[in-house]
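Everything on this sheet refers to the single structure shown next.
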Amino acid sequence: MADVDKDSKTEEATPKKLEQLREQGQVAKSADVAGAATVVSTVAILAVMGGGFADAVTRFTERIFRLRDVHRPFEALETLGQIGVEIVGPIAGAAAVAAIVATVVQTKGLFALASLQPKPERMNPLEGLKKILPGPQMLVELGKSLLKVGLVGILVWRVIDDGLPRFVVLPMAETEAGAAEVGAIAAKLVLWGVAALTLLAALDYVITWRRFAKQNRMAKHEVKEEHKQSEGDPHIKGKRRQKQRELANQRSVQAVEDATCLVTN
């Protein structure tokens, strides 16, 4: 019976139902999008900081090695904390802002109190078991995880394979040249990784949106019933009459502008 009812829901959710779902805190949201935004922002802030970040890391390392020579440990820890904030602060701040922006863009600034209210089904052990036991959703998530691991593995292998001839001669190169070569290979790996994460995040968002739309489909009789309710809703009727008056006024103004003669009482 449940399958029959599910099969009968062939219509896309109406704007009214989508708005009701939104009020309940139910929207299509991909965690991979926020994750990709965090990684991209981290890489971007590191690229912007450039040499400043390297200098901060150098100072941090020097302070660590000098800790045992400092007679005032609390002052040393305070200094280390300041340098740590200098290093971690911009990166953590950029990552947090990127994650928030990605979430806000997906949810269009949604903040629904209804989603925070306790619900009996959330405390039902059977509902928890359904999430743990293998099912279509778990298979999809497993497939996504395997795809990520496989794609990252292929990228690492391609980059290393491409740079292998240069890796062989690194021991014979000067320190600066070797460091530059390693940095170039690492940068290439990071850029390819960011591109792959962005692509996977976009794919995951499409999958999430399609799943959300499928889960909230409506039966034809539900759409008809909603239409009947909307027809009898005084608020809807009022908005419809207001729209009709606006259209009528626009036509009147246009008619006056196009008229060659105006007759008044």
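Every number in this text was worked out from the coordinates using simple rules, so none of it is lab data. All of these numbers come straight from a predicted model, not from anything done at the bench. Please note: Cβ atoms are built from the backbone with ideal geometry, for glycine as well, and neighbour counts cover all protein chains shown.
Here are the numbers for this structure:
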read-out: Added length on full extension, which subtracts the Cα-Cα distance from 0.36 nm per residue, Q229 to R210; value: 4.1 nm
read-out: Mean-position separation - Cα centroids, segment 35-53 and segment 183-217, in angstrom; value: 18 Å
read-out: E176-E222 pseudo-label distance in nm [points 7 Å out on the Cα-to-Cβ vector]; value: 6.9 nm
read-out: Protection proxy ranking of 179-189, 204-214 - average other beta-carbon atoms within 10 Å, highest first; value: 204-214, 179-189
